[in-house]
Amino acid sequence: MTKNKSEQGRFAYEGLDRVIHEKARLSVLTSLVAHPKGLVFGDLKQMCGLTDGNLSRHLQVLDEAGLIAIEKGYEHNRPQTVCRITAQGRQRYLDYLKVLEQVVRDAARAAKTGAVPDLAALGLGKLKST
């Protein structure tokens with residue numbers, strides 16, 4: 001079955017930013033969007049359910065991409081790391097959400113119309129429906 005040109009790449013979702021799409025980084029950015037003044041490392045770690053090392057690595061990726069800013073300082077003579085989302089990070093996050101919303105709309109539309117994948121094309125032609 002050949003699709004017309006308007007259908008080519010229809011479900012490619014090129015706007016799903018790979019930097020953001022990773023579960024832990026999506027969690028970090030969502031937390032920071034909800035707290036625009038920033039979050040202390042320990043609070044962010046707790047909110048996202050990550051270990052110190054795991055959070056540090058994801059923060060490094062987001063920082064290198066320009067999505068967040070990391071500020072190291074001291075509070076009551078104790079080291080403190082505060083993370084904030086940047087303006088670029090906020091815009092990329094919102095752009096990502098628009099594409100994700102389209103994915104949800106497409107999935108809901110397919111579910112309503114009863115669109116079923118071609119099982120034979122997936123190599124599952126002999127499976128029975130339950």
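Identify all residues within region 27-49 that are among the aliphatic types (A, V, I, L, M) and touching a residue at least 40 places away in the same chain (Cβ under 8 Å); write none if there are none.
Val28, Leu29, Leu32, Val33, Leu39, Val40
Which of the residues belonging to region 59-91 are assigned to a helix (DSSP H, G or I), over 16 Å from Gly42 (Cα atoms), open to solvent by 60 Å² or more (accessible area, probe 1.4 Å) and not small (Gly, Ala, Ser)?
Asp63, Glu64, Gln88, Arg90, Gln91
If I filter region 96-130 down to residues being open to solvent by 70 Å² or more (accessible area, probe 1.4 Å) and among the acidic types (Asp, Glu), which single residue comes out as modelled with the lowest pLDDT?
In this case the residue turns out to be Asp118.
Go through region 56-87 and report how many residues are within 18 Å of Glu22 (Cα to Cα) and free of Cβ contacts under 8 Å to residues at least 40 places away in the same chain.
Adding up the residues that qualify gives 8.
Looking at Asp17, Asp52, Asp95, Asp106, which is the one that is in contact with a helix residue (DSSP H, G or I) (Cβ under 8 Å, 6 or more places away or on another chain), among the acidic types (Asp, Glu) and in contact (Cβ under 8 Å) with a residue 60 or more places away in the chain?
So the residue among Asp17, Asp52, Asp95, Asp106 that is in contact with a helix residue (DSSP H, G or I) (Cβ under 8 Å, 6 or more places away or on another chain), among the acidic types (Asp, Glu) and in contact (Cβ under 8 Å) with a residue 60 or more places away in the chain is Asp17.
Any chance you could count how many residues in region 1-47 are exposed (fewer than 13 other Cβ atoms within 10 Å of the Cβ), over 19 Å from Arg90 (Cα atoms) and at pLDDT 95 or above?
1
The values are calculated or read from the model by the stated rules, or taken from the named source; none is laboratory data. No experiment lies behind these values; they were computed from the predicted model shown. Heads up, the Cβs are rebuilt from the backbone with ideal geometry, glycines too, and the neighbour counts pull from every protein chain shown. Surface areas here come from the heavy atoms of the whole protein model, side chains and all, with no ligands, DNA or RNA. Shrake-Rupley method; radii C 1.70, N 1.55, O 1.52, S 1.80 Å.
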